[in-house]
Each structure stands twice: as structure tokens, then as C-alpha cells.
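Only one structure is covered here, and it is reproduced in the block below.
Readers should treat all values here as calculations from the given coordinates under stated rules, not as data from a laboratory. Predicted, not measured: the structure shown is a model, and the values here were computed from it. Every residue, glycine among them, receives a Cβ derived from its backbone with ideal geometry; neighbour counts consider all protein chains shown.
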Amino acid sequence: MTYLQALIIAIVEGLTEFLPVSSTGHIMITTALLGMEATPFVKLFTVAIQLGAIMSVVVLYFKRFFKSVNFYLKLLVAFVPAAIAGILLGDWIDTQLENVFGVAVALFIGGIILLFVDKWFKQTYIADSDDVTFPKAFKIGLFQCLALFPGVSRSAATIIGGMAQKLNRQAAAEFSFFLAVPTMFAATAKKLLDFYKDGITISSHEINLLVFGNIAAFIVALLAIKSFIGILNKHGFKAFGIYRIIVGGILIALFLAGVEIAVV
């Protein structure tokens, strides 16, 4: 992996991690377009740079993370369903990471759903993510399980889950950001542990790439989160839905045309 490839992947990660467009799906597409070989380090890199992205949430919402114990308990309750599902379905999830057609279909269908989300959940009254109750947090966590299938988008699933629990768009988005911290940290820790168990060593060059990638993802994610909240409040989800339909439609067309897309 070169520094340019690392930068491109990190930018894609930072831009898409908190948007309802599926960061996993976009990383798969990006590595395929870059013609990158699916080496163990490349697979590790695409997951490990999530740490940089989630640190942007901690920085932007610093005070919220030191506000109360209840905050962490609610995140834990919301995190548990996906954690259990991830453990039980780990092997299946790994196989789906190579299913480009499945990702394309998930992007396309998810895009159609986003076109109607604003109409479906007009009657929202919770304007502060601090007002999320434990039962509501658990239900949002159940929605997060849908994102175990690549292409669905963790952000889209949890934001829609939040709006289904009467959170307005901004409150749902913010709770989704907060929930990303334990979820993505756990995913990265698991990948690092698997890497260690396999006895694979990391060179100094690869360590430098990881540091570089995380810094780049952190900076881009900071900008993406701020922009996303503004777009969401003014325009809702329609633009993201149209974007997903276009990307998913192109991938489906390529698949049906017999074009092979190698993925990491």
C-alpha cells in the first residue's frame, strides 16, 4: 500500500462513516477501483482507520462524553444487540464482505427507503439525544444489527431507528454518532486481535501508514459530521437516497454486464 492509496481510503472512510451511505460499501468499491490486493494488512487498514473517524465524535462532542454515567449505560444497552449478533454471525459477515452484488442491492434498496424516511417519521418530539430512554436505546441497537450486512449503513440504520423512537433528525444523528464509538472500537479491536492471533507482523512502514490513515480519517470525519448535520436539518435524507440509488444502480448494472469487481 502506498501513502496515496492510504490517503484515498482514509478520505472515503472519513466522509462516509457517519453518512447514511455505507462506509463499508464505499471502502469495498474504492479498494477495487484502486486495484489493491486483498492482503491481511490492507484488510486491517480498512478497519483500523475507523478509530480515527470515531475520535472525531469524541472531540466534537467532548462534553457529552463526560456528562454522566447514564450516557455510557445507554450506549452499552444500544451496543449489546449488534455485539451479540456480530459474534454469532461473524463467519457469515466475513463472507458477505466479498459479496459485491449484495452490497449493490443493499445500497439501492436503502436509497429508496431514504427517499421516504422524512415522510414516515414526521411526528418526532425528542430533540435531545440525552432524553433517549434505556428501552429506546435498546431498540435503536436492534436497528444497528441490520448494518451487519455490508451496504446497509450503520449510520442509516441507527438514525432511522432513532427516528422510529421519536427522535428528531439531529438527535437521531447525534445518538448514531455516539453509538459508533463503542461499535467501531470493538470492530477494530477484534480485527487487531485476529491479526495478532494469525501471527502476522506489522512493519514500520505499515505502522506509519496506519498512523497516517487515522489522522487523515479523523480530519475528514470532523468536516463530514459538521456538514452532515447542516444538510440533514435543511434538506433531510432525500439527497443521500438519490446518491445511494445511483451508486447501487451502477454497481448492479456492472454486475449484470459481467464486469468483475475484486474486493478487499
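Computed on the Cα trace of the range 20-78, the radius of gyration divided by the Kirkwood hydrodynamic radius gives Rg/Rh = 1.14.
Each of residue 125 and residue 88 was given a label point 7 Å from its Cα along the Cα-to-Cβ line. The distance between the two points is 3.4 nm.
Fully extending the segment from residue 186 to residue 109 would add 25.0 nm, taking 0.36 nm per residue of separation and subtracting the current Cα-Cα distance. For the range 98-194, the fraction of alpha-carbon pairs lying more than 18 Å apart is 49 percent, rounded to a whole number.
Distances between placed amide hydrogens fall under 5 Å for residue 21 paired with 156, all partners being 5 or more residues away or on another chain.
Applying a threshold of 19 Å to the alpha-carbon distances of 139/234; 119/234; 122/238 flags 139/234 as lying beyond it. Against the chain, whose longest principal axis is taken from its Cα atoms, helix 23-33 shows a tilt of about 30°. Length, then width, then depth: along the principal axes, the Cα atoms of the range 1-144 run 46, 34, 29 Å. Scalar couplings 3J(HN,Hα) for the range 229-240, obtained by applying the Karplus form with A = 6.51, B = -1.76, C = 1.60 to θ = phi - 60°, are 4, x, 5, 4, 5, 8, 10, x, 9, 4, 4, 5 Hz; x denotes Gly and Pro. Per-residue 3J(HN,Hα) values for the range 155-172, derived from phi via the Karplus relation 6.51 cos²θ - 1.76 cosθ + 1.60 with θ = phi - 60°, read 5, 4, 4, 6, 5, 4, x, x, 5, 5, 9, 6, 7, 6, 4, 5, 5, 5 Hz in sequence order (x marks Gly and Pro). Any idea what angle helix 100-120 forms with the longest principal axis of the chain, computed on alpha-carbon atoms, 0 to 90 degrees, nearest 10? So the helix axis and the longest Cα principal axis differ by about 20 degrees.
List the longest stretch of the chain that has no exposed loop site; here a site is one of the trypsin sites (Lys or Arg not before Pro) assigned by DSSP to anything other than H, G, I, E or B, with at most 15 other Cβ within 10 Å.
123-264
Per-residue Karplus couplings for the range 175-188, computed as 6.51 cos²θ - 1.76 cosθ + 1.60 with θ equal to phi - 60°, are listed in order as 5, 4, 4, 4, 5, 5, 4, x, 5, 6, 5, 5, 5, 5 Hz, Gly and Pro entered as x. Computed over the Cα atoms of the chain, what is the ratio Rg over Rh, Rh following Kirkwood? Ratio of gyration radius to Kirkwood radius: 0.95.
Under 19 Å of direct C-alpha separation, and excluding same-chain neighbours fewer than eight residues apart, residue 191 reaches these lysines: 43.
Computed from Cα atoms alone, the Kirkwood hydrodynamic radius reported for the range 132-264 is 17.5 Å.
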